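As structure tokens, the structure follows; a few thoughts come after it.
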Amino acid sequence: MQLLKPLALSLGDTIGVIAPSFPLLPAWRPDYERGKEMLRTLGFAIKEGRTMGLTRYWAAGTPQDQADDINAMFADPEVRAIIAHAGGFPGMSVLDRIAGMLIGKLTWINDNSEGIEYPTVRQVVLDVVGDYGFPIMANVDFGHHIANLPLPIGVEAMFDAEAASLALAEAPVKRATIRR
């Protein structure tokens, strides 16, 4: 199977924004609006997915709502890129569909209860995904850490858990040869 790479974004392209995990909480809305405005300032149009307005307990709708929203964005010919407004544990319904896992640097733990023995991050991760049999690398500079490096999905990468290294083996996009 050959990976289909997207064209690099051009001014005026539409970026879809979805909530495949946590809902857009009221406290997060100001940062979300600033992010949308930044994308518009850079010359992009924004299309919000249906999950951006959904809340079901701690998630943005049901897992089916989230999958439908992702698929709708991929199927929309006007959407040239998709951004998840947040990640998190509600997105764990995909664990049976992945080949490896990277875990970002833990920046804080809220330990305000006395007499409770909290598990380590390693214990929690292995408790949740230990039976899946895929490689796991933790303490990586992406996600919520200061660097906040994006990781393209589907691009061939060299992942060495023992050496604690991850390197892209190819470019995540191809150059646009025809301007719209």
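The numbers here are math on the coordinates, done by the rules we state, and not lab data. Predicted, not measured: the structure shown is a model, and the values here were computed from it. Backbone-built Cβ (ideal geometry, glycine too); neighbour counts: all protein chains shown.
Remarks
- 3J(HN,Hα) couplings calculated from phi for the range 36-43 with the Karplus curve 6.51 cos²θ - 1.76 cosθ + 1.60 (θ = phi - 60°) are, in sequence order, 4, 5, 5, 5, 5, 4, 6, x Hz; Gly and Pro show x.
- In terms of the mean number of neighbouring beta-carbon atoms within 10 Å, the peptides 16-26, 51-61, 77-87 order highest first as 16-26, 51-61, 77-87.
- Per-residue ³J(HN,Hα) for the range 49-62, Karplus 6.51 cos²θ - 1.76 cosθ + 1.60, θ = phi - 60°, Hz, x for Gly and Pro: x, 4, 5, 5, x, 9, 9, 9, 6, 9, 10, 8, x, 7
- Mean silhouette area of the range 1-90, derived from the convex hull of its C-alpha atoms and averaged over all directions, reads 6.6 nm².
- With a cut-off of 9 Å between beta carbons, the residues surrounding Lys5 carry a summed charge of 0, where Lys and Arg count +1 and Asp and Glu -1.
- For Ala45, the residues 5 or more places off, or on other chains, whose built amide H falls under 5 Å of its own are Gly12, Asp13, Thr14, Ile15.
- The H on the amide N of Ala157, modeled in the peptide plane, is under 5 Å from the matching H of Ala169, each at least 5 residues off or on a different chain.
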